[in-house]
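The values are calculated or read from the model by the stated rules, or taken from the named source; none is laboratory data. All values derive from a computational prediction rather than experimental measurement. When we count neighbours, we look across all protein chains shown, and the Cβ atoms used for this are built from the backbone with ideal geometry, even at glycine.
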(Lines give C-alpha, C1' and ligand atoms only; values in the text may rest on other atoms or scores of the structure.)
Protein backbone atom coordinates (compact mmCIF):
# COMPACT_ATOMS: atom_id res chain seq x y z
CA UNK A 1 0.00 0.00 0.00
CA UNK A 2 1.24 3.48 -0.88
CA UNK A 3 0.44 6.18 1.66
CA UNK A 4 1.03 9.87 0.88
CA UNK A 5 1.67 12.20 3.83
CA UNK A 6 2.21 15.98 3.49
CA UNK A 7 5.40 16.92 5.32
CA UNK A 8 7.37 19.97 6.45
CA UNK A 9 10.75 18.56 5.40
CA UNK A 10 12.44 15.91 3.26
CA UNK A 11 13.42 13.83 6.32
CA UNK A 12 11.66 10.64 5.21
CA UNK A 13 10.22 8.63 8.11
CA UNK A 14 11.48 11.30 10.57
CA UNK A 15 9.64 14.15 8.81
CA UNK A 16 6.84 15.81 10.73
CA UNK A 17 3.39 15.88 9.18
CA UNK A 18 2.37 19.25 7.75
CA UNK A 19 -0.92 20.68 9.00
CA UNK A 20 -2.72 21.02 5.66
CA UNK A 21 -2.39 18.92 2.53
CA UNK A 22 -2.48 21.45 -0.30
CA UNK A 23 0.04 23.92 1.14
CA UNK A 24 2.58 21.33 2.34
CA UNK A 25 6.14 21.86 1.10
CA UNK A 26 6.58 18.14 0.38
CA UNK A 27 4.67 14.90 -0.02
CA UNK A 28 6.27 11.83 1.51
CA UNK A 29 5.06 8.58 -0.04
CA UNK A 30 5.58 5.41 1.97
CA UNK A 31 5.19 2.05 0.25
CA UNK A 32 4.41 -0.33 3.10
CA UNK A 33 4.88 -3.42 0.93
CA UNK A 34 8.29 -2.44 -0.45
CA UNK A 35 9.33 -0.63 2.75
CA UNK A 36 10.40 2.37 0.67
CA UNK A 37 10.03 6.15 0.91
CA UNK A 38 9.75 8.70 -1.90
CA UNK A 39 9.66 12.48 -1.42
CA UNK A 40 7.98 14.83 -3.89
CA UNK A 41 8.24 18.64 -3.92
CA UNK A 42 4.81 20.29 -3.93
CA UNK A 43 4.95 22.60 -6.94
CA UNK A 44 1.34 23.68 -6.19
CA UNK A 45 2.11 24.74 -2.61
CA UNK A 46 1.07 28.39 -3.09
CA UNK A 47 -2.38 27.97 -4.63
CA UNK A 48 -5.46 30.15 -4.22
CA UNK A 49 -8.04 28.85 -1.73
CA UNK A 50 -10.10 26.07 -3.27
CA UNK A 51 -7.70 25.68 -6.20
CA UNK A 52 -5.58 22.84 -4.83
CA UNK A 53 -4.73 20.27 -7.50
CA UNK A 54 -3.77 17.22 -5.41
CA UNK A 55 -3.76 14.74 -8.26
CA UNK A 56 -1.27 16.77 -10.33
CA UNK A 57 1.51 16.18 -7.79
CA UNK A 58 0.61 12.52 -7.42
CA UNK A 59 0.10 11.55 -11.07
CA UNK A 60 1.60 8.16 -11.81
CA UNK A 61 2.37 7.41 -8.15
CA UNK A 62 -0.47 4.87 -7.65
CA UNK A 63 -1.34 6.26 -4.22
CA UNK A 64 -3.82 4.21 -2.16
CA UNK A 65 -4.35 6.66 0.71
CA UNK A 66 -3.51 10.17 1.88
CA UNK A 67 -3.02 10.88 5.58
CA UNK A 68 -3.11 14.57 6.48
CA UNK A 69 -3.87 16.99 9.29
CA UNK A 70 -6.42 18.77 7.15
CA UNK A 71 -7.86 18.97 3.66
CA UNK A 72 -10.66 20.88 2.01
CA UNK A 73 -13.78 19.17 0.69
CA UNK A 74 -12.93 19.83 -2.96
CA UNK A 75 -9.53 18.13 -2.63
CA UNK A 76 -11.07 15.21 -0.71
CA UNK A 77 -13.62 14.83 -3.49
CA UNK A 78 -10.95 14.89 -6.21
CA UNK A 79 -8.88 12.26 -4.43
CA UNK A 80 -11.93 10.09 -3.78
CA UNK A 81 -12.84 10.30 -7.48
CA UNK A 82 -9.35 8.92 -8.19
CA UNK A 83 -10.00 5.98 -5.82
CA UNK A 84 -7.86 7.44 -3.02
CA UNK A 85 -9.19 7.54 0.55
CA UNK A 86 -8.14 10.33 2.92
CA UNK A 87 -7.42 9.89 6.64
CA UNK A 88 -6.79 12.35 9.49
CA UNK A 89 -3.22 12.34 10.77
CA UNK A 90 -2.12 12.27 14.37
CA UNK A 91 0.61 14.70 15.43
CA UNK A 92 4.06 13.24 14.95
CA UNK A 93 6.37 11.86 12.32
CA UNK A 94 5.72 9.93 9.15
CA UNK A 95 6.80 6.76 10.98
CA UNK A 96 4.23 7.43 13.74
CA UNK A 97 1.47 8.01 11.20
CA UNK A 98 2.27 4.90 9.14
CA UNK A 99 2.25 2.84 12.34
CA UNK A 100 -1.18 4.15 13.35
CA UNK A 101 -2.52 3.78 9.81
CA UNK A 102 -1.52 0.13 9.52
CA UNK A 103 -3.21 -0.55 12.88
CA UNK A 104 -6.45 1.03 11.60
CA UNK A 105 -6.15 3.84 14.14
CA UNK A 106 -6.90 6.84 11.89
CA UNK A 107 -10.32 8.24 11.04
CA UNK A 108 -11.36 8.88 7.46
CA UNK A 109 -11.80 12.44 6.18
CA UNK A 110 -14.87 12.72 3.98
CA UNK A 111 -16.36 15.56 1.98
CA UNK A 112 -18.78 16.06 4.91
CA UNK A 113 -16.08 16.42 7.63
CA UNK A 114 -13.35 18.14 5.59
CA UNK A 115 -11.82 21.49 6.48
CA UNK A 116 -13.50 24.74 5.54
CA UNK A 117 -11.51 27.85 4.62
CA UNK A 118 -8.21 26.16 5.59
CA UNK A 119 -9.44 25.78 9.17
CA UNK A 120 -10.03 22.45 10.87
CA UNK A 121 -11.73 21.68 14.15
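Details
- Residues in the range 40-91 that are assigned to a strand (DSSP E or B) and at pLDDT below 90 were compared, and the one that is farthest from residue 29 (Cα to Cα) is 72.
- Residue match in the range 10-19 (condition: at pLDDT 95 or above, surrounded by 14 or more Cβ atoms within 10 Å (Cβ to Cβ) and on the phi > 0 side of the Ramachandran plot): yes
- Yes/no for residue 30 being surrounded by 15 or more Cβ atoms within 10 Å (Cβ to Cβ) and modelled with pLDDT of 95 or more: yes
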